[in-house]
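Just below is one structure, and these are the notes that go with it.
The values are calculated or read from the model by the stated rules, or taken from the named source; none is laboratory data. Treat the numbers as computed from the prediction; the structure is a model and nothing was measured. Note: ideal-geometry Cβ built from the backbone for every residue, glycine included; neighbour counts use all protein chains shown.
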């Protein structure tokens, strides 16, 4: 069951943390400018899979460098920081021009680089350090990104007007803090 837990927790945390995030705002912009949902979603999928695999591999590697107790505290503190970070709304600078020659490549490149250093990428590092299944974590975080971004591409502005991003940020923050607390009370069982 730890594999399913890693998958579901990773998906839920990332899906909620992604609400109002700059990559979700990028999804809205790409959908409005390029108007081709399938290649945009495919680009988001491949970019997220690549980005989060690298982040997850870093997290798994970090888990081998420190003692379980030290790792527990690093992961817990990381979750607390992500909880605070989730409360800060992102703003997207929509001044970039995107080529319409290849919607997929444009989305892939833009999404991969915008996700660098983002809270969901760093959360993937922490989740991969916490859970032993790198595949489950990366699948979960990628699924979470698609849960948040595919509707943004398909429904665009109509969805943005109906979803209360402030409430979603508070829910994401609460889940990150809960994960931090659970990490601390789990003892040395990471």
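Scanning the stretch 108-131 for residues that are under 10 Å from residue 47 (Cβ atoms), out of contact with any helix residue (DSSP H, G or I) (no Cβ under 7 Å at 6 or more places or on another chain) and modelled with pLDDT under 85 returns a single hit, 113. Against the definition (at pLDDT 70 or above, at negative phi and more than 18 Å from the chain's Cα centre (by Cα)), how does residue 105 come out, yes or no? Yes: the conditions hold for residue 105. Here the condition is being touching a residue at least 24 places away in the same chain (Cβ under 8 Å), surrounded by fewer than 19 Cβ atoms within 10 Å (Cβ to Cβ) and closer than 14 Å to residue 149 by Cβ; of 68, 39, 2, it holds for 39 alone. Could you check the stretch 12-36 and list, in sequence order, the residues that are over 16 Å from residue 115 (Cα atoms) and crowded, with 19+ Cβ neighbours inside 10 Å? Once the filter is applied, which keeps residues that are over 16 Å from residue 115 (Cα atoms) and crowded, with 19+ Cβ neighbours inside 10 Å, the stretch 12-36 yields 31, 34. Restricting 30, 38 to residues that are assigned to a helix (DSSP H, G or I), farther than 25 Å from residue 185 by Cα and at pLDDT below 85 narrows the list to 30.
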